[in-house]
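The values are calculated or read from the model by the stated rules, or taken from the named source; none is laboratory data. Treat the numbers as computed from the prediction; the structure is a model and nothing was measured. When we count neighbours, we look across all protein chains shown, and the Cβ atoms used for this are built from the backbone with ideal geometry, even at glycine. Remember, those area values only see protein heavy atoms, side chains included, never the ligands or the DNA or RNA. Shrake-Rupley method; radii C 1.70, N 1.55, O 1.52, S 1.80 Å.
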Amino acid sequence: MKRRRMSAECEMDHSYAMPNVNDNSNALLKKIQHVYANKLLNDITLVVGGISYPAHRFMLCISSDVFETMLMNSTWSDSHQEVIELQEVQQCIEVFPVFLQYFYTGVITLEQSNIMPMLVLADKYNVKDLTTLCVEYMCEHIADAADQGQLVTWFQYVLSLNQPTTINALYYCKIWQDTECMDIKPPWNKLLKACRNYIKWNLDSCTKCFNTFQCDILVGLLKQSDLVVHDEMQLFGCVASWLNYQSAEKLLECNDSDIIEDYMSSLTEHVMSYIRYPMILPRQMAQLLMVPVVKQNKDFFVDKMAAAMEYNLIKMEKQSDTEHILECTPRLYTCERWGNSFRVRTKAIQNYQSIKREIVTCSSLFDRERELNEESNWEIEMYLKGMCFGKGMLVSWRGPIEIPEVIIKTVRATIKMKLRPENIGKVARHVRVAILVYAVQNKIIHVVTVVQKVVLFDNNQNLITIDDLMVYDAVNQPTTNEDLIHINDTNVSYFMSDRIPLKFHVIITPIIPGLTDTHVGTRIQHVHF
């Protein structure tokens, strides 16, 4: 719950006010509230959902550009009316009195139950300061929205307000990517990215709203390789649940079983085509045969499963094309096959000291029993307290030169390939490295940062370095909860309490040139920015 004051742009201009301007302003505001509360001097009535709301043209016009056009432009029929009926959906009808009261008081209470209809009204009537307040509230409650099953609705609403003139399949894919695909202006761009990244990186927290995806937007999500899931089986289960929901919704619209069957068969093949079946282990395939949607579309799924088994059991590589690159590229799987998570208590770390962890990952992309070098060993080193390079001497032909101490305030991560002595110089690993950084918002722990990099570890390079993995000041902060430093001016922090350590998850998956996608580069993405 949040109570917010009216923004500065909607308050009175006090440029030429007397020294007691605050007292005068408060007195004026109280008079305005008194006039509204007692229904005095009303010159217009708004009718919403059959309920009449006495109001004042002046207050409506200075608060809303839309009302100003309606009431001040003589070409509009409403400008001559004393009673105007507004058409609103039920949710907006319920919050309209609070919305109208904001015009007079400049104070509003925002919470999960009213934020969406309040934003719809603020946008519809172009109440800019209230729109900004709503967006700020939503960015500060992204995790809560997912927990309460509203986040996908938020995301799709922002998309609907910022759609380009031409929409195609490429558009629905790009909206999930870090590249800018639309010219979205503030404050919508911040909310869009926060919703989008939270969904991609915390899909297991979005199960309550997953079924509300529009089909094209869901397909765009399924095409992404930086989707964080436990494994492909988990994603298959989410899509199967979505299909069941669509079937139930279609049943409410139509009673013809043949039409529903044809519709669901076509929808299933369309959406399930983007599941990456080669990433499902052969021993997991048997579980799919028990899923109702597989039984109902047996021919389609048998073909997909057979092609996946070829990859996993027969040493074969198909020609590179878009379809195979997608289906043979691992997502950011958090299962133990591809990496592991670890926690760090910063109190136990001295300044400039690093902490080390070792993880083991599978070297083979597919589940081939006779594949050599099945496991890879990695050393992860974290510098959470910055780095210090002591004084030194540089010897040159001019004589020794003293090098001063240098302190670098950065959160650095290094990933090193560890080999047995007999394998040094003989083994190379072409991999995608990803680091997930967790933080907390309103007591909900979730992934807030994802780093990805495609690397070839060989004789020339057996270690990579990533700087600015986390916000340095937010990690190296006071220890009391009241003094927590939020990440990028949001209410997201790396710590929930002194007892909750930092959490990371490192994922390392193999790259097969020509078969898996390598279009990642090095990038650091954040949920909140």
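Can you name every residue in the stretch 68-91 that is under 30 Å from residue 141 (Cα atoms) and touching a helix residue (DSSP H, G or I) at 6+ places or on another chain (Cβ under 6 Å)?
91, the sole residue that qualifies.
Could you list, in sequence order, the residues of the stretch 182-204 that are among the β-branched types (Val, Ile, Thr) and either open to solvent by 10 Å² or more (accessible area, probe 1.4 Å) or in contact (Cβ under 8 Å) with a residue 60 or more places away in the chain (or both)? Write out each step before concluding.
Filtering the stretch 182-204 down to residues among the β-branched types (Val, Ile, Thr) leaves 184, 199.
Residue satisfying the conditions is 184 alone.
Considering each of 199, 259 in turn, give the residue that is among the β-branched types (Val, Ile, Thr), outside any loop (DSSP other than H, G, I, E, B) and modelled with pLDDT of 95 or more. Spell out the reasoning first.
Details: 259 fails: modelled with pLDDT of 95 or more.
Matching residue, one of 199, 259: 199.
Got a number for residues in the stretch 441-452 being in contact with an Asp or Glu (Cβ under 9 Å, 6 or more places away or on another chain) and either crowded, with 17+ Cβ neighbours inside 10 Å or part of a strand (DSSP E or B) (or both)? Break it down stepwise before answering.
Pass one, the stretch 441-452, residues in contact with an Asp or Glu (Cβ under 9 Å, 6 or more places away or on another chain): 441-442, 444, 450, 452.
Filter once more, so that each one left must be either crowded, with 17+ Cβ neighbours inside 10 Å or part of a strand (DSSP E or B) (or both): 441, 444, 450, 452.
The total comes to 4.
Considering only residues that are within 30 Å of residue 477 (Cβ to Cβ) and among the charged types (D, E, K, R), look in the stretch 345-379 and name the one that is modelled with the lowest pLDDT. Walk me through it before giving the result.
Pass one, the stretch 345-379, residues within 30 Å of residue 477 (Cβ to Cβ): 345-359, 378-379.
Filter once more, so that each one left must be among the charged types (D, E, K, R): 345, 347, 356-358, 379.
On the way: 345: 83, 347: 76, 356: 94, 357: 95, 358: 95, 379: 97.
Here the residue is 347.
Please state which one of 225, 247 is open to solvent by less than 70 Å² (accessible area, probe 1.4 Å), among the small types (Gly, Ala, Ser) and closer than 30 Å to residue 448 by Cα.
On the way: 247 fails: closer than 30 Å to residue 448 by Cα.
Criteria check complete, one pass: 225.
How many residues does the stretch 453-480 contain that are open to solvent by 50 Å² or more (accessible area, probe 1.4 Å) and of a type in the set (D, E, K, R)? Explain how you work it out, then say what you get.
Filtering the stretch 453-480 for residues open to solvent by 50 Å² or more (accessible area, probe 1.4 Å) gives 456, 459-463, 465, 467-468, 473, 478-480.
Then drop every residue that is not of a type in the set (D, E, K, R), which leaves 467-468, 473.
So the count comes out to 3.
Which of the numbered conditions does residue 403 fail, given that it passes all the others? Conditions: (1) free of Cβ contacts under 8 Å to residues at least 24 places away in the same chain; (2) within 34 Å of the chain's Cα centre (by Cα).
Against the list (1) free of Cβ contacts under 8 Å to residues at least 24 places away in the same chain; (2) within 34 Å of the chain's Cα centre (by Cα), residue 403 comes up short only on (2).
Name the residues in the stretch 393-418 that are among the basic types (Lys, Arg), open to solvent by 90 Å² or more (accessible area, probe 1.4 Å) and out of contact with any helix residue (DSSP H, G or I) (no Cβ under 9 Å at 6 or more places or on another chain), would you?
Our first condition is that a residue be among the basic types (Lys, Arg); within the stretch 393-418, this holds for 398, 409, 412, 416, 418.
Filter once more, keeping what is open to solvent by 90 Å² or more (accessible area, probe 1.4 Å): 398, 409.
Correct list: 398 only.
Residue by residue, here is whether (1) farther than 26 Å from residue 280 by Cβ; (2) in contact with a Leu (Cβ under 7 Å, 6 or more places away or on another chain) holds:
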residue: 340; (1), (2): no, no
residue: 357; (1), (2): yes, no
residue: 384; (1), (2): yes, no
residue: 388; (1), (2): yes, no
residue: 391; (1), (2): yes, no
residue: 401; (1), (2): yes, yes
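Mind telling me which of the residues 425, 390 ends up being among the small types (Gly, Ala, Ser) and either modelled with pLDDT of 80 or more or open to solvent by 60 Å² or more (accessible area, probe 1.4 Å) (or both)? Spell out how you get there, then give the answer.
Values: 425 fails: either modelled with pLDDT of 80 or more or open to solvent by 60 Å² or more (accessible area, probe 1.4 Å) (or both).
Being among the small types (Gly, Ala, Ser) and either modelled with pLDDT of 80 or more or open to solvent by 60 Å² or more (accessible area, probe 1.4 Å) (or both) holds for just one of 425, 390, which is 390.
Considering each residue of the stretch 262-297, count those that are open to solvent by less than 30 Å² (accessible area, probe 1.4 Å) and outside any helix (DSSP H, G or I), and give that number.
Looking only at the stretch 262-297, we keep the residues that are open to solvent by less than 30 Å² (accessible area, probe 1.4 Å), and these are 264, 267-268, 271-272, 275-282, 285, 288, 293-294, 297.
Imposing the further condition that a residue be outside any helix (DSSP H, G or I) reduces the set to 275-276, 280-281, 297.
Qualifying residue count for the region: 5.
Kindly provide the set of residues from the stretch 411-439 that are of a type in the set (A, V, I, L, M) and closer than 22 Å to residue 355 by Cα, ordered by number. Reasoning before the result, please.
Initial filter on the stretch 411-439 (of a type in the set (A, V, I, L, M)): 411, 413, 415, 417, 419, 424, 427-428, 431, 433-437, 439.
Listed by number, the residues that qualify are 411, 413, 415, 417, 419, 433, 434, 435, 436, 437, 439.
Limited to the stretch 335-346, what total is found for residues that are closer than 18 Å to residue 374 by Cα and out of contact with any Asp or Glu (no Cβ under 7 Å at 6 or more places or on another chain)?
Taking the stretch 335-346 as the starting set, the residues that turn out to be closer than 18 Å to residue 374 by Cα are 335-340.
Within this subset, residues satisfying the condition of being out of contact with any Asp or Glu (no Cβ under 7 Å at 6 or more places or on another chain) are 336-340.
Of the residues in the stretch 335-346, 5 are closer than 18 Å to residue 374 by Cα and out of contact with any Asp or Glu (no Cβ under 7 Å at 6 or more places or on another chain).
Consider residue 163 carefully, then state whether it is open to solvent by 10 Å² or more (accessible area, probe 1.4 Å), free of Cβ contacts under 8 Å to residues at least 40 places away in the same chain and in contact with a His (Cβ under 8 Å, 6 or more places away or on another chain). Don't jump to the end; show me each part of the working.
On the way: open to solvent by 10 Å² or more (accessible area, probe 1.4 Å): yes; free of Cβ contacts under 8 Å to residues at least 40 places away in the same chain: yes; in contact with a His (Cβ under 8 Å, 6 or more places away or on another chain): no.
In short, no.
Somewhere in the stretch 194-201, is a residue among the aliphatic types (A, V, I, L, M) and closer than 24 Å to residue 338 by Cα? Break it down stepwise before answering.
Narrowing the stretch 194-201 to residues among the aliphatic types (A, V, I, L, M): 194, 199.
Right, trim to closer than 24 Å to residue 338 by Cα and you get 199.
Yes, some residue in the stretch 194-201 is among the aliphatic types (A, V, I, L, M) and closer than 24 Å to residue 338 by Cα.
Of the conditions (1) under 27 Å from residue 449 (Cβ atoms); (2) crowded, with 18+ Cβ neighbours inside 10 Å, residue 156 satisfies every one except a single condition; which number is it?
(2)
Looking at the stretch 453-529, what strands (runs of 3 or more DSSP E) fall wholly within it and have at least 2 residues that are closer than 21 Å to residue 438 by Cα and at pLDDT 75 or above? Walk me through it before giving the result.
Working: elements: 463-466, 502-510, 523-526.
Where strands (runs of 3 or more DSSP E) fall fully within the stretch 453-529 and carry at least 2 residues being closer than 21 Å to residue 438 by Cα and at pLDDT 75 or above, they are 463-466, 502-510.
Of everything in the stretch 259-273, what is more than 31 Å from the chain's Cα centre (by Cα) and hydrophobic (A, V, I, L, M, F, W, C)? Give them in sequence order.
If the condition is that a residue be more than 31 Å from the chain's Cα centre (by Cα) and hydrophobic (A, V, I, L, M, F, W, C), then 259, 260 are the ones that fit.
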